[in-house]
Amino acid sequence: ITKDPVDTYVPLYVRDNQISTQYIMTTLEELGLLKMDFLGLRTLTVIQDTINLVKQNRGIDVQFDEEMNDPKVYKYYHEAAIRGSSLAKCKLGLLYKYGKGGVDQALTQSLYWYRSAAKNGYANGQVEVGRYYYENYDYNTAITWLQKAVEQDHIEAKVLYACCLSRKFPKKAFN
């Protein structure tokens, strides 16, 4: 929700005739914007149709867990992460950050998994590690991690990087 057209603030993309920002909610909040995610009717229909087909063809009642609280979520991400999947490492970081997938909220574990993905060169992991340090006012360390993702042309990293610079060098950043 913005005063002016949203594309004057952030880049947009279109998929399946749906317009969305390229930034996640926390980055948009840093920019002073409000992002609201709504599942479209089409998506809800696809989910319900899938649940019905599984019941019809396999006799299994699927319970959709929107909150990712099923411990199997953690189990499968963990199995993939220990085999080296950087995406799975980031997903584990997310589960620990918010206390989902049957695990308690543990920010040190969250940072461990994000950092593991980041050390593998995974830009999303670098952004999350940078975000952690940014949110804890350690701008030098945040800049170090975010710069790696910026070098991979990661859009969100560029925004957070600029935010770090503006906080670290308030007078120089925008002159």
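The values are calculated or read from the model by the stated rules, or taken from the named source; none is laboratory data. The structure presented is a predicted model; accordingly, all values stated were derived computationally and were not measured. Please note: Cβ atoms are built from the backbone with ideal geometry, for glycine as well, and neighbour counts cover all protein chains shown. Each accessible area value is taken on the protein alone, full model and side chains, heavy atoms only, with ligands, DNA and RNA left out. Shrake-Rupley method; radii C 1.70, N 1.55, O 1.52, S 1.80 Å.
Among the residues of the range 90-99, are any more than 20 Å from N136 (Cα to Cα) and either buried (at least 19 other Cβ atoms within 10 Å of the Cβ) or touching a residue at least 60 places away in the same chain (Cβ under 8 Å) (or both)?
Yes, the range 90-99 has at least one match.
If we scan the range 59-82, do we find a residue that is surrounded by fewer than 11 Cβ atoms within 10 Å (Cβ to Cβ) and at pLDDT 90 or above?
no
Given the options I155, I143, name the one that is without any contact (Cβ under 8 Å) to a residue 60 or more places away in the chain and hydrophobic (A, V, I, L, M, F, W, C).
I143
Consider the range 100-152. How many of its residues are small (G, A, S) and either open to solvent by 90 Å² or more (accessible area, probe 1.4 Å) or under 20 Å from T27 (Cβ atoms) (or both)?
8
Show me the helices (runs of 4 or more DSSP H) found entirely inside the range 96-175 where at least 1 residues are in contact with a helix residue (DSSP H, G or I) (Cβ under 7 Å, 6 or more places away or on another chain), closer than 28 Å to V73 by Cα and basic (K, R).
Here the list reads 107-119, 123-135.
Results for (1) assigned to a loop (DSSP other than H, G, I, E, B); (2) at pLDDT below 70, shown as yes or no for each residue.
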| position | (1), (2) |
| --- | --- |
| D4 | yes, no |
| Y13 | no, no |
| I19 | no, no |
| T27 | no, no |
| L34 | yes, yes |
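Confirm whether N175 is open to solvent by 80 Å² or more (accessible area, probe 1.4 Å), of a type in the set (S, T, N, Q), modelled with pLDDT under 90 and over 13 Å from A118 (Cα atoms).
Yes, satisfied.
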